[in-house]
Amino acid sequence: MASVVSRRSVLPGFGLSLGFTLVYLSLIVLIPLSAAFIKTAGMSWADFVTTVSAPRVVASYKITFGISLLAALVNAFFGGIVAWVLVRYTFPGRRMVDALVDLPFALPTAVAGIALCALYARNGWVGHWLDPLWAGGVARLAAWVPWIDWAGWLGPKLAYDRPGIFLALTFIGLPFVVRTLQPVLAELEPELEEAAATLGANRWQTMTRVIFPELLPALITGFALAFARAIGEYGSVVFIAGNQPLHSEITPLLIITKLEQYDYRGATAIAVVMLVASFVLLLLINLLQKWSRRYYRL
């Protein structure tokens with residue numbers, strides 16, 4: 001009879017640590033999320049569909065997910081540039097710039113929203129100059145392509161409209177991309193680029209075939225974190241969005257509005273839709289990240 005050799009960890013306390021982890025996650029994550037589903041279960045299917053598919057709610061979905069996706073894509077591009085500059089170059093004030101990247105983490109979201117309004121409103125420091133340029137650009141697009149409602153899609157002004165939502169979501173999502181890419185860039189040896197140049201690769205080939213494959217999994221991770229953060233953002237957006245129903249109203253604000261109206265079932269129903277949609281999107285992004293790692297290792 002074969003003897004069974006029990007495998008023990010070098011570090012003791014696995015059972016206690018696992019139990020504490022499960023209890024902690026249950027209290028902080030699982031039970032609150034389950035409460036939303038339990039509260040929604042009290043609604044009939046017809047009431048649930050009616051609540052989550054109302055025109056105002058659907059419009060908030062489009063605004064929240066659409067602008068969050070756009071902001072995450074922009075952060076993935078410019079965040080990669082910021083991370084590259086901070087890791088690969090030495091210049092005066094680099095530590096200060098590196099510290100400023102973490103500012104959206106430390107700054108309260110309400111303060112960020114007020115600061116963005118003070119900057120980009122029509123009477124703000126930056127908006128005083130940029131807002132007329134933005135309005136003129138939208139008017140030119142409307143003249144060149146008149147069959148598209150550019151003012152409705154882009155908004156005729158920066159603050160208190162859809163561009164304000166984009167600015168806020170870009171602001172709070174940038175650190176996720178930069179901090180995810182920085183360790184990978186720091187571990188990426190410059191000798192790889194030198195070897196590629198020695199073998200005859202130009203700068204574009206070195207970037208696309210040597211550097212980018214190494215950065216892609218981390219870039220997807222940063223994009224996913226920025227996207228997930230933007231979907232649930234409330235404090236910085238509510239001040240600069242304008243909050244116009246069917247135009248610039250985000251879903252978290254709509255949930256708060258229903259709670260203020262004591263419509264708890266309606267609020268939890270919308271929250272459940274957001275939760276399921278966010279989970280599905282993050283699952284797809286994680287699968288894409290897993291595929292990218294396997295593909296570029298072949």
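Read the figures in this text as sums done on the coordinates, not as results from a lab. Please read these numbers as outputs of a predicted model, since none were measured by experiment. Cβ atoms come from the backbone with ideal geometry, glycine included; neighbour counts cover every protein chain shown.
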Query raised in the report: Where does the Debye-calculated log10 I(q)/I(0) of region 156-298 sit at q = 0.11, 0.15, 0.16, 0.18 Å⁻¹, using only Cα point scatterers of equal weight, no solvent?
Result: -0.59, -0.87, -0.94, -1.05
**Report entry** Anisotropy class of the chain from Cα gyration tensor, a/c 1.5 cut
**Finding:** oblate
Report task. Over region 70-138, consider all pairs of different Cα atoms and compute the Kirkwood hydrodynamic radius from their mean reciprocal separation; express it in Å, one decimal. Result -> 14.4
**Report entry** Shape category assigned to region 1-141 from the gyration tensor of Cα positions, a/c cut at 1.5
**Finding:** oblate
Requested in this report: Can you tell me the dipole magnitude for the chain around its Cα centre, using point charges on the Cβ only (Lys, Arg +1; Asp, Glu -1), in Debye to the nearest 20?
Outcome: 440
Query raised in the report: What is region 161-230 by shape, rounded, prolate or oblate, if you read a ≥ b ≥ c off the alpha carbon gyration tensor as root eigenvalues and call it rounded for a/c under 1.5, prolate for a/b larger than b/c, and oblate otherwise?
Result: prolate
Report task. Using Cα pairs closer than 8 Å and at least 6 residues apart in sequence, work out the relative contact order for region 169-298, in percent. Result -> 29
Query raised in the report: Among all helices in the chain defined by DSSP H, which have a length of 24 Å or more along the axis from Cα atoms plus a Kyte-Doolittle mean of at least -0.5?
Result: 55-88, 127-144, 162-187, 212-231, 264-297
Report task. Evaluate region 104-150: find the radius of gyration of its Cα atoms, find its Kirkwood radius, and give the ratio Rg to Rh. Result -> 1.20
Query raised in the report: Can you sort Val178, Val101 so the residue with the fewest Cβ neighbours within 10 Å comes first?
Result: Val101, Val178
Query raised in the report: Mean separation of Cα pairs under 8 Å and 6+ residues apart, divided by the residue count of the chain: what relative contact order is that in percent?
Result: 29
Query raised in the report: By count of other Cβ within 10 Å, fewest leading, how are Ser53, Ser44, Ser236 ordered?
Result: Ser44, Ser53, Ser236
Report summary line: Two pseudo-spin positions, 7 Å from Cα along C-beta at Leu30 and at Val49, lie apart in nanometres by 3.3
Query raised in the report: Sorting Phe171, Phe279 on the 10 Å Cβ count, fewest up front, what's the list?
Result: Phe279, Phe171
**Report entry** Estimated FRET transfer efficiency when R0 is 41 angstrom, pair Ile211-Asp149 (beta carbons, to 0.05)
**Finding:** 0.50
Report task. Straight distance only, please: which aspartates and glutamates reach the Cα of Lys39 with their own Cα at less than 12 Å, same-chain residues fewer than 8 apart left out? Result -> Asp263
Report task. Quote the charge dipole size of region 144-298 about the Cα centre in Debye, to the nearest 20; the model charges only the Cβ of Lys and Arg (+1) and of Asp and Glu (-1). Result -> 340
Query raised in the report: Kirkwood Rh, region 113-198, all Cα pairs: how many Å?
Result: 15.8
Query raised in the report: Stretched out fully, how many nm does the piece from Met96 to Arg294 gain, at 0.36 nm a residue minus the Cα gap?
Result: 67.6 nm
Report summary line: The convex hull of the Cα atoms of region 43-93, divided by residue count, gives a volume in Å³ per residue of 111
Query raised in the report: So for the chain, taking the charge dipole from beta-carbon charges (+1 Lys/Arg, -1 Asp/Glu), which of Phe279, Gly66, Thr109 sits furthest toward the positive end?
Result: Phe279
Query raised in the report: Which lysines have a Cα less than 24 Å from the Cα of Lys62, not counting those fewer than 8 places away in the same chain?
Result: Lys157, Lys258
